[in-house]
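Here is the structure we will look at.
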Amino acid sequence: MSGAGATTAGAAGSARTGDVREGFAYGHMEQIQRARILAAAVHAVCELGVADLTVANVVERAGVSRRTFYELFGSCEACLLATLEDALARTRERVLPAYEREQGAWRRRMRAGLLALLEFFDERPQVARLLIVEWLASGPRALERRRQVLERIASAVDEGRTARLAVGSGPPQLTAEGVVGAVASVLHGRLARAQPGPALVELVNPLMGIVVLPYLGTAAARGELEQTVPASRTHAGAELSPEDTLRGLKMRLTYRTLQVLAAVAEFPGSSNRAIARAAGVGDQGQISKLLMRLCKLGLLENNGMVRKGEPNAWSLTVRGEQVERALRISSEGKV
């Protein structure tokens with residue numbers, strides 16, 4: 001191939017690589033913006049209630065534009081439905097493995113699943129309130145989805161009829177719906193309070209008593225009440241989830257911001273020029289302003305310029321590391 005042809009092919013290849021890179025970056029940015037909106041919607045619903053949820057109070061909390069919101073969600077209702085599904089998926093990821101790991105009898109599987117649910121709700125009280133309290137105030141589509149979820153849970157509870165050891169017919173199939181309704185009602189009463197009460201995990205024994213009583217009798221229910229209750233693992237110093245970390249970030253995220261934080265994380269101690277090169281920022285004035293802005297937000301610190309004329313040496317603060325990690329998890333679709 002001639003030199004000119006090789007140059008042209010190289011330029012075309014670079015352009016294609018740039019297009020792929022841009023598309024990949026846009027996809028990551030979209031996932032991050034979506035995660036921020038969903039997290040903001042949870043907080044907005046819990047603070048204001050479903051009836052007062054608007055696009056305006058979601059975008060304000062998420063730090064995104066209305067245009068971005070409507071590019072990702074067609075309406076406030078669509079956002080609410082997606083938020084419910086996201087919260088449901090997180091809950092399922094925690095509860096199902098615990099339930100399925102327990103290979104023993106129905107009673108032990110029920111306890112393992114319920115315990116995992118209560119522990120998760122203690123760790124994520126806003127998700128708990130969204131699913132137990134606010135879901136009831138949602139529109140017809142959300143309520144239909146709730147009915148489907150409760151139906152599946154009741155189906156698992158109904159397996160207790162086959163676990164019955166006593167001779168004779170067990171309770172009617174409708175019993176499972178009553179059991180699920182009773183447990184949901186107890187949780188609703190705790191989560192609807194204005195002030196937080198004791199840890200929900202402390203309810204595992206009495207709730208299990210409610211679950212097993214119709215199927216296995218009073219002795220089994222009494223046995224559940226006498227079980228050792230695990231201590232709550234929730235504490236004030238617990239690490240924020242990635243979505244809560246991003247929600248607390250008082251700035252709008254752009255692809256360039258993400259690239260700069262990633263560059264500093266990968267090459268700590270780098271100068272303005274080195275970070276600009278790693279992040280693909282050609283304007284030195286622009287990179288200087290962005291680095292200073294991130295520094296004022298407490299995400300970066302400058303350990304350079306000990307003497308006048310020496311280059312900056314940027315590194316992430318503890319807060320910056322949390323944000324960079326949250327962004328990385330979000331970009332991988334794990335938030």
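Remark on Leu300: its backbone amide H falls under 5 Å from those of Cys295, Thr317, a criterion applied only to residues 5 or more positions apart or on other chains, H modelled at 1.01 Å from N. Gln286 sits among other residues whose Cβ lies under 15 Å from its own Cβ, and their net charge, with Lys and Arg +1 and Asp and Glu -1, is +4. Evaluate the distance, in nm, between pseudo-label points positioned 7 Å from the Cα of Ala105 and of Ala78 along their respective Cα→Cβ axes. A separation of 5.0 nm, rounded to one decimal place. Once the C-beta distance of Arg293 and Glu93 is scaled by a Förster radius of 30 Å, the resulting FRET efficiency is 0.25 to the nearest 0.05. For segment 72-160, the equivalent ellipsoid derived from the alpha-carbon gyration tensor has semi-axes of 26, 14, 11 Å in decreasing order. The Rg/Rh ratio of segment 82-129, with Rg taken over Cα atoms and Rh as the Kirkwood radius over Cα pairs, comes to 1.03.
Of the listed residues Met110, Met292, Met208, the order by accessible area with a 1.4 Å probe, largest first, is Met292, Met110, Met208.
Taking 0.36 nm per residue of separation and subtracting the Cα-Cα distance, full extension of the segment from Arg252 to Asn303 would add 15.8 nm. Pairwise Cα separations in segment 122-196 fall into 10 Å bins from 0 onward with the following percentages, short to long: 17, 40, 28, 13, 2. Rounded to whole Å, the principal axis extents of the Cα atoms in segment 65-106 read 51, 15, 9, largest first.
Extension gain, Val229 to Ala262, is 7.6 nm, computed as 0.36 nm per intervening residue step minus the present C-alpha separation.
Computed from the C-beta positions of Leu136 and Asp283, the FRET efficiency with R₀ = 41 Å rounds to 0.20. Modelled spin-label separation between Glu159 and Thr218, with each label point placed 7 Å from Cα along the Cα-to-Cβ direction: 2.9 nm.
Size descriptors for segment 106-154: radius of gyration and Dmax over Cα atoms are 12.5, 36 Å.
The values are calculated or read from the model by the stated rules, or taken from the named source; none is laboratory data. Treat the numbers as computed from the prediction; the structure is a model and nothing was measured. Glycine gets a Cβ as well: all are built from the backbone with ideal geometry, and neighbour counts include every protein chain shown. Only protein heavy atoms, including side chains, enter the accessible area calculation; ligands, DNA and RNA are left aside. Shrake-Rupley method; radii C 1.70, N 1.55, O 1.52, S 1.80 Å.
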